[in-house]
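A.B. asks: Sharing a structure below in structure tokens format, with a few things to ask.
The values are calculated or read from the model by the stated rules, or taken from the named source; none is laboratory data. Everything numeric in this text was worked out from a predicted model, so none of it was measured. Cβ placement follows ideal geometry from the backbone for every residue including glycine, while neighbour counts extend to all protein chains displayed.
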Amino acid sequence: MSSRRPGRWLRRLIVTLVVLAVLAVAVDRAANWVAENQLATMAEKEAAQYDVRADETSVDIGGFGFLPQLAKERFSKVTLTMKQPTFDAIPAEDLKVEMSGVHVPCGLLTRDPGTAVTVDTTDMRVQLSPAELAKLAVRSTGLNGLTMNVVDDKLHVKLSLRGIEADVTVRPQIQKGRIVLAVDQLSDSVPSFIQSAVKSRLSRGIALPKLPFGATVTQIAVDDTSLVLTATAPNLKIAG
């Protein structure tokens, strides 16, 4: 019988370790869920200061093991997603923020007053439909009836000037904080004086809506049927 006892104790030890491991994972995941919700709430409040609101805001904390990262008061990566956000009354399709080197106090879980999160690197991606960009373009250019769509990965602008219809292929660029539409292709059938007027109007640039967290747009690109704005937010701080 004495030979069986070591086996029993070994089995009990293994079971105990497995149970403790499962409990540790459960506690880690539960704390992670609380922190993600807390960060999402803080981000919503911060974004509202820039008149930015969304149908849904979520946060995903990356890295291995939540509690070990919290003990160091630093998350390696945090991803913030805002579904169907609105910027200065302009609806977008999606906003995603990738944060690296996120410094968090342990009071994040207990929602201590004055809790603030600081971020080393913040990269933002805003997806905008051509139709909404066209509305912004009308404001800046005065070309009423202007429309935009993406065809074969190129941005097309359709407009009417002095009674003449034109379909223009443009390259959107960021210059001095505005979106400039550089004319890439314009039909030779359009009179030269209309071509000059179109290029002049489109080169005025489109004023951008204010992005959350003080982000500055650095690039714009055509992606499938949408336009994607890339932005960065230096020295980001999100208060509780």
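A.B. asks: Going through segment 59-95 one residue at a time, which ones are in contact with an Asp or Glu (Cβ under 8 Å, 6 or more places away or on another chain) and either assigned to a helix (DSSP H, G or I) or over 20 Å from S226 (Cβ atoms) (or both)?
C.D. replies: Once the filter is applied, which keeps residues that are in contact with an Asp or Glu (Cβ under 8 Å, 6 or more places away or on another chain) and either assigned to a helix (DSSP H, G or I) or over 20 Å from S226 (Cβ atoms) (or both), segment 59-95 yields V59, D60, I61, G65, F66, L67, K77, V78.
A.B. asks: Oh, and also: Which of the residues that make up segment 194-216 are crowded, with 18+ Cβ neighbours inside 10 Å and within 13 Å of the chain's Cα centre (by Cα)?
C.D. replies: L211, P212, F213, A215
A.B. asks: While we're looking at this one, here's another question. Restricting segment 169-193 to residues that are within 29 Å of the chain's Cα centre (by Cα) and among the hydrophobic types (A, V, I, L, M, F, W, C), which is surrounded by the most Cβ atoms within 10 Å (Cβ to Cβ)? Before you say what the answer is, go through the steps one by one.
C.D. replies: Keep residues of segment 169-193 that are within 29 Å of the chain's Cα centre (by Cα), which gives 169-184.
When the remaining residues are screened for being among the hydrophobic types (A, V, I, L, M, F, W, C), the result is 170, 174, 179-183.
On the way: V170: 22, I174: 18, I179: 21, V180: 17, L181: 25, A182: 12, V183: 17.
Result: L181.
A.B. asks: Shifting gears a bit: Any residue at all in segment 74-95 that is more than 24 Å from the chain's Cα centre (by Cα) and on the phi < 0 side of the Ramachandran plot?
C.D. replies: Looking through segment 74-95, none of the residues is more than 24 Å from the chain's Cα centre (by Cα) and on the phi < 0 side of the Ramachandran plot.
A.B. asks: A40 - would you say it is in contact with a helix residue (DSSP H, G or I) (Cβ under 7 Å, 6 or more places away or on another chain), small (G, A, S) and at pLDDT 85 or above?
C.D. replies: Numbers: in contact with a helix residue (DSSP H, G or I) (Cβ under 7 Å, 6 or more places away or on another chain): no; small (G, A, S): yes; at pLDDT 85 or above: yes.
Here the answer is no, as A40 does not meet what is asked.
A.B. asks: Looking at segment 218-237, which of its residues are touching a residue at least 60 places away in the same chain (Cβ under 8 Å) and closer than 17 Å to A182 by Cβ?
C.D. replies: V222, L227, L229
A.B. asks: Return only the number of the condition from (1) in contact with a helix residue (DSSP H, G or I) (Cβ under 6 Å, 6 or more places away or on another chain); (2) loosely packed, with under 14 Cβ neighbours inside 10 Å; (3) of a type in the set (G, A, S) that G145 does not satisfy.
C.D. replies: (1)
A.B. asks: Being in the same structural domain as A43 (by TED's automatic domain parsing) and touching a residue at least 12 places away in the same chain (Cβ under 8 Å) narrows it down to one residue among V78, V183, V157, V170; which is it?
C.D. replies: Values: V183 fails: in the same structural domain as A43 (by TED's automatic domain parsing); V157 fails: in the same structural domain as A43 (by TED's automatic domain parsing); V170 fails: in the same structural domain as A43 (by TED's automatic domain parsing).
That would be V78, the only listed residue that is in the same structural domain as A43 (by TED's automatic domain parsing) and touching a residue at least 12 places away in the same chain (Cβ under 8 Å).
A.B. asks: Just to be sure, is E98 within 14 Å of the chain's Cα centre (by Cα) and not assigned by TED's automatic domain parsing to the domain that holds S160?
C.D. replies: Working: within 14 Å of the chain's Cα centre (by Cα): yes; not assigned by TED's automatic domain parsing to the domain that holds S160: yes.
Yes.
A.B. asks: Also, I was wondering about something else. Would you call R171 among the charged types (D, E, K, R), touching an Asp or Glu at 6+ places or on another chain (Cβ under 6 Å) and within 20 Å of A221 (Cβ to Cβ)? Outline the logic, then answer.
C.D. replies: Values: among the charged types (D, E, K, R): yes; touching an Asp or Glu at 6+ places or on another chain (Cβ under 6 Å): yes; within 20 Å of A221 (Cβ to Cβ): yes.
Yes: the conditions hold for R171.
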